[in-house]
1. By the gyration tensor of its Cα atoms, with a ≥ b ≥ c the square roots of the eigenvalues, what is the shape of the chain: rounded for a/c under 1.5, prolate for a/b over b/c, or oblate?
2. Mind sorting 130, 288, 205 by how few other Cβ atoms lie within 10 Å of their own Cβ, fewest first?
3. For the range 8-187, just say rounded, prolate or oblate: build the C-alpha gyration tensor, square-root its eigenvalues into a ≥ b ≥ c, call rounded for a/c under 1.5, and beyond that prolate if a/b exceeds b/c, oblate if not.
4. Would you mind ranking 176, 218, 19 by Cβ crowding within 10 Å, fewest neighbours first?
5. Does the range 197-393 classify as rounded, prolate or oblate by the C-alpha gyration tensor (a ≥ b ≥ c root eigenvalues; a/c under 1.5 gives rounded; else a/b over b/c gives prolate, otherwise oblate)?
6. Please report the antiparallel percentage of DSSP beta bridges with both residues in the range 197-393, rounded to the nearest 5.
7. Give me the percent of DSSP beta bridges within the chain that run antiparallel, rounded to the nearest 5.
8. With a 10 Å Cβ neighbour count serving as the proxy for reagent exposure, in which order, fewest first, do 213, 20 appear?
C-alpha cells in the first residue's frame with residue numbers, strides 16, 4: 001500500500017518560512033460540542049490540538065479564523081466561548097473580536113503586537129464562506145480579498161475540515177505565502193503511516209452514519225492493501241452490507257438503508273471480491289423496557305430497531321483484532337449516546353489499546369470515548385478529523401491540501 005502522497009515532506013511547513021514578527025493568519029478548526037442546556041464547551045480536544053502551532057508562533061502577530069457549527073443549528077454561536085478556553089492555555093495574550101472583516105476587526109488586526117493572538121468571530125457568519133465554488137472564485141470573495149492584504153503568511157491547521165472547499169480553506173493561498181501547521185503535519189504523518197503501511201496484518205473498524213463516506217475507504221484500501229486486511233463493520237455501513245448479502249433481515253434494517261441504494265450496489269461488488277475480509281455483525285442489541293436485549297440477526301422482529309452489535313459479534317471482532325500490526329478506526333459500532341449501546345465500541349477500543357501495532361482512531365465519538373476511558377496515551381494518534389479522515393483514506397486529495405503542496 002506504498003504511497004508518499006500525504007507525506008508532510010510534500011507540503012510547505014512552518015520550517016520553510018520566516019515567522020518572526022510576521023502577521024500570520026491561521027485557519028484552525030476549533031468547532032466544539034456545546035452543551036445545549038448550559039451553553040458550555042463540553043470537549044476542548046480540537047482547541048488543545050492547535051496549541052503546538054500557536055506556541056511556535058509566539059513571536060508573531062497571530063489572527064485565528066474558525067467556525068462553530070453551521071447556520072440554522074442550535075450550536076451555531078460566536079467564538080467568544082472558545083476564547084476563554086484558549087486563554088486557559090495561553091493566557092491573556094488571546095483576545096476575541098466580534099467581527100470578521102468590518103472596521104473593528106481590521107483595527108484590532110493593525111493593533112497587534114508580537115505575541116498577541118486575536119480570534120475573529122465565527123467565519124460561517126459570512127455567507128461567502130460556505131458557498132459552492134472553485135478556489136479561484138473563493139479567492140475573489142470579499143472575505144478573502146479584505147483579509148489577505150493584512151497578512152504576511154497563511155497557515156492552514158484545520159485538518160478536520162480540510163476536505164471542504166470553503167473560502168477560508170482554499171481562497172488565501174493565491175494571495176499569501178501559505179503553509180501547513182503542526183497539527184496538520186501530525187495528521188498527515190499518521191495517515192501516511194496507514195496508507196503507506198506494508199505491515200502483515202491490518203484491521204480497520206468502520207461504524208457511525210453516512211455509509212457514502214465509508215464505502216470509498218473500503219474500496220481504496222482493498223485495492224491497494226496486502227492480503228491480510230480486514231474490515232470490522234458497525235453502524236449504518238454494516239447494515240448496508242447486510243442488505244447487500246441478500247439474507248433475511250428485519251424490515252427496520254432495510255428501511256434504515258433504503259436511501260442508500262448506490263452504496264448497497266457497491267457493497268454487492270465488494271462482497272464478491274473481498275467477502276471473507278468484510279466482517280459483518282451476527283447479532284444485535286435493542287432496548288426492551290429499559291434493558292439491553294441481544295438476539296441473533298435472524299431472530300429479530302421486523303419492527304425492532306437495533307442500536308449496537310451483540311456479544312457474539314463483539315467476541316468475533318475482538319478475536320480478529322488480536323495480533324494486528326495496524327489498527328485504524330472511524331465511527332462507533334453502535335448508538336453510543338445511549339449507555340445501553342456503548343458496549344461494542346468500548347470493548348473494541350479497550351482491546352485496541354492493548355495492541356502492539358500502530359493505532360490510529362478518528363471521529364468525534366471515538367475521540368471522546370477514548371478520553372472518557374483514559375486511553376489516549378495508548379493510541380499512536382487520535383485524529384481531530386472524522387469526515388476529513390475518511391476522505392483521505394478513500395484516496396482523495398482535497399483541493400485545500402493540493403494548494404499547500406510544494407511546487
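1. Prolate is the answer for the chain, as a/c is 1.5 or above and a/b outweighs b/c.
2. 288, 130, 205
3. Taking the square roots of the gyration eigenvalues as a ≥ b ≥ c, the range 8-187 is rounded.
4. Exposure proxy ranking, most exposed first: 19, 176, 218.
5. oblate
6. Restricted to the range 197-393, the bridges split so that about 30 percent are antiparallel.
7. Around 20 percent of the beta bridges assigned by DSSP in the chain are antiparallel ones.
8. Neighbour counts put them in this order, fewest first: 20, 213.
A short reminder: the numbers here are calculations on the coordinates, not readings from a lab. It should be emphasised that the depicted structure is a prediction, and the values quoted were computed from it without experimental measurement. Neighbour counts are summed over all protein chains in view; Cβ atoms, including those assigned to glycine, are modelled from backbone coordinates with ideal geometry.
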